[in-house]
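The values are calculated or read from the model by the stated rules, or taken from the named source; none is laboratory data. Predicted, not measured: the structure shown is a model, and the values here were computed from it. Backbone-built Cβ (ideal geometry, glycine too); neighbour counts: all protein chains shown. Keep in mind that these areas ignore ligands, DNA and RNA; they rest on the heavy atoms of the full protein, side chains included. Shrake-Rupley method; radii C 1.70, N 1.55, O 1.52, S 1.80 Å.
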Amino acid sequence: SVITLILILLSTLREQLIQPEKHPDFWKEWAQRTLKNALTLQDLNKNVAKNIILFLGDGMGVPTVTAARILKGQMSGQSGEETQLEMDKFPYVALSKTYNTNAQVPDSAGTATAYLCGVKANEGTVGVSAAAVRSQCNTTQGNEVTSILKWAKDAGKSVGIVTTTRVNHATPSAAYAHCVDRDWYSDGDMPTEALQSGCKDIARQLFENIPDIDVIMGGGRRNMYPRNTPDVEYPGDKKHNGTRKDGRNLVGEWIDRVKDKKGYYAWNRKDLLSLNPNNVDYLLGLFEPADLPYELERNKETDPSLTEMVDVAIKILRKNERGFYLLVEGGRIDHGHHEGKAKQALHEAVEMDRAITRADLLTSIYDTLTVVTADHSHVFSFGGYTPRGNSIFGLAPTVSDIDQKPFTSILYGNGPGFKLVNSTRENVSTVDYEQNNYQAQSAVPLRMETHGGEDVAIFSKGPMAHLLHGVQEQHYIPHVMAYAACIGQNKDHCRTNSGSPSLSHISPTLALLLAVKWLLC
């Protein structure tokens, strides 16, 4: 049959592709190329970082990085293992210890405070020190800590936040808020006692604490509007209505504030992509009432991809001659894992890698420090002695020698994928384990899978990237970024005799090439 013929041709093609790997010279030449590249790293990039970008894969532990690499390759017809993610190409890799001050296995709020504010904190709190106690409003005052986003803004740089979650979710909120409870999205989510004590919800702090954040993109519309206000996109669905008890329209207030400053609000992909970044100085993009949809489920007419948001953000921010700071969160990697939906999580990670590639095209390694890391890991794993090129979502090659049933390579230590059929483990060959929302089997039944506690990777390139080395505490990250950019507390090394920031010498030819690249992008 035609199908059989196609399968034979594909098998033959694959065999031809891996033929070189059977020769020792293939591997030796590859190693020699890698060695030559490694030798160039001795010439350290000690330039001043005009721009700094932090890509945060929420929940993107090392197993997730590896599995996403394989998925990326398989999406383009390769076996996958030999593929390179964009972050794999970064010259420096370190490990980050992720614990919170009161937690061995952390959450996304305490970790965000560490890698954005440079101070370790308790789980569930954002932008406050460990002296603040979760949900206790009266422990807020006096314990606030500021973030690298604010340090950059105070230094005259443009700043931006791009996320696939709500813009007032745990990760982005640590960049601007000081809140003892990450769940206080709007005042409608806060206890009366906290409101009476003067604590502010996170959505309000987004617009009040640092009122001139240049670019804000993500979800979270419902926390910006008065209670019962219908959503612009889903007017008939009450669960998407506004949640604010104070009656304020935060989006309307923002629009009024920037209407004479080249400020624009967008709530869908078409509006966003119709903007000319050269004519935009301030941008607020809120594309969903809560989190953005998974990349696999994204409506390409209404919701922008993370790559598209990053593209627009950089083109707006880079107009500032003093440079910019940009926080980019691939936030739904975490959500996919919590739901036991590995396929959703890994496609989110691949999309974030696309965004990293786009950022690379729009910036230069000579003046832009780019860091890619995660806040924490998950109890996600893949194994089972799978052969080369096995679908990352596929079965292990053998059945269990205990219950004689097949199992998928991907498994979770705990989570919603635990299922018994007739008092025994479900036979996964009877279900579609490659569908988008398949929940991989887990060892312990939980409604939501948990975070993992192991170290996560830090990939870095650009000025001073070599300072991110070895095994480090998570709160070290923003201090390195600030040092590289001559912002925050470490500035003495940035002064020449004239008192102005210095930059290592770049030849006129190289400067011209960089300018041409910038214009073409």
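Okay, residues lined up against (1) assigned to a loop (DSSP other than H, G, I, E, B); (2) in the same structural domain as A355 (by the TED database); (3) open to solvent by 60 Å² or more (accessible area, probe 1.4 Å):
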site	(1), (2), (3)
L272	no, yes, no
G285	no, yes, no
N299	yes, yes, yes
P304	yes, yes, no
T307	no, yes, no
V310	no, yes, no
E321	yes, yes, yes
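Test of understanding: among V350, V371, V328, which residue is surrounded by fewer than 24 Cβ atoms within 10 Å (Cβ to Cβ) and either under 13 Å from V65 (Cα atoms) or not polar (S, T, N, Q) (or both)?
From the options V350, V371, V328, the qualifying one is V350.
Could we say that S129 is within 27 Å of L292 (Cα to Cα) and at pLDDT 95 or above here?
no
Please list, ordered by first then second residue, the pairs with beta carbon atoms under 6 Å, 6 or more apart or interchain, first in the range 35-60 and within 16 Å of Q474 (Cα to Cα), second in a loop (DSSP other than H, G, I, E, B).
D58/G331; D58/D375
So that you can scan it fast, the table gives a plain yes or no per residue for (1) out of contact with any helix residue (DSSP H, G or I) (no Cβ under 8 Å at 6 or more places or on another chain); (2) of a type outside the set (F, W, Y); (3) open to solvent by 60 Å² or more (accessible area, probe 1.4 Å); (4) not in a loop (DSSP other than H, G, I, E, B):
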site: K46; (1), (2), (3), (4): yes, yes, yes, no
site: A67; (1), (2), (3), (4): no, yes, no, yes
site: G73; (1), (2), (3), (4): yes, yes, no, yes
site: G80; (1), (2), (3), (4): no, yes, no, no
site: T83; (1), (2), (3), (4): no, yes, no, no
site: A94; (1), (2), (3), (4): yes, yes, no, yes
site: A109; (1), (2), (3), (4): no, yes, no, yes
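For I487, which of the numbered conditions (1) open to solvent by 60 Å² or more (accessible area, probe 1.4 Å); (2) assigned by the TED database to the domain that holds L296 fails to hold?
With respect to (1) open to solvent by 60 Å² or more (accessible area, probe 1.4 Å); (2) assigned by the TED database to the domain that holds L296, I487 is out only on (1).
Would you be able to tell me the number of residues in the range 167-211 that are of a type in the set (A, V, I, L, M), within 18 Å of K150 (Cα to Cα) and surrounded by 24 or more Cβ atoms within 10 Å (Cβ to Cβ)?
Residues that pass the stated criteria total 8.
Considering only residues that are surrounded by fewer than 17 Cβ atoms within 10 Å (Cβ to Cβ) and within 21 Å of N268 (Cβ to Cβ), which ones fall in the range 239-250?
Matches in the range 239-250: K239, N249.
Restricting attention to the range 136-149, which residues are in a loop (DSSP other than H, G, I, E, B) and over 26 Å from the mean Cα position of the chain (by Cα)?
Q136, T140, Q141, G142, N143
From the set of residues in the range 150-166 that are assigned to a helix (DSSP H, G or I) and touching a strand residue (DSSP E or B) at 6+ places or on another chain (Cβ under 7 Å), which is surrounded by the fewest Cβ atoms within 10 Å (Cβ to Cβ)?
Per the stated criteria, the residue is K153.
Just to be sure before I move on: is G340 surrounded by fewer than 22 Cβ atoms within 10 Å (Cβ to Cβ), of a type outside the set (A, V, I, L, M, F, W, C) and modelled with pLDDT of 95 or more in the structure I sent?
The answer is no for G340.
Looking at the range 401-477, what strands (runs of 3 or more DSSP E) fall wholly within it and have at least 1 residues that are at positive phi?
The strands (runs of 3 or more DSSP E) meeting that bar are 410-415.
Which one of the conditions (1) at pLDDT below 95; (2) part of a loop (DSSP other than H, G, I, E, B) does A31 fail to meet, given that it meets all the rest?
All conditions pass for A31, except number (2).
Is it true that F418 is in contact with a Leu (Cβ under 8 Å, 6 or more places away or on another chain), under 28 Å from V93 (Cβ atoms), of a type outside the set (V, I, T) and open to solvent by 60 Å² or more (accessible area, probe 1.4 Å)?
no
Is it the case, given these coordinates, that S79 is touching a residue at least 60 places away in the same chain (Cβ under 8 Å) and under 17 Å from the mean Cα position of the chain (by Cα)?
Answer is no for this residue.
Looking only at the range 173-226, count how many residues are among the β-branched types (V, I, T), part of a helix (DSSP H, G or I) and either under 24 Å from V258 (Cβ atoms) or not assigned by the TED database to the domain that holds E123 (or both).
Residues that pass the stated criteria total 1.
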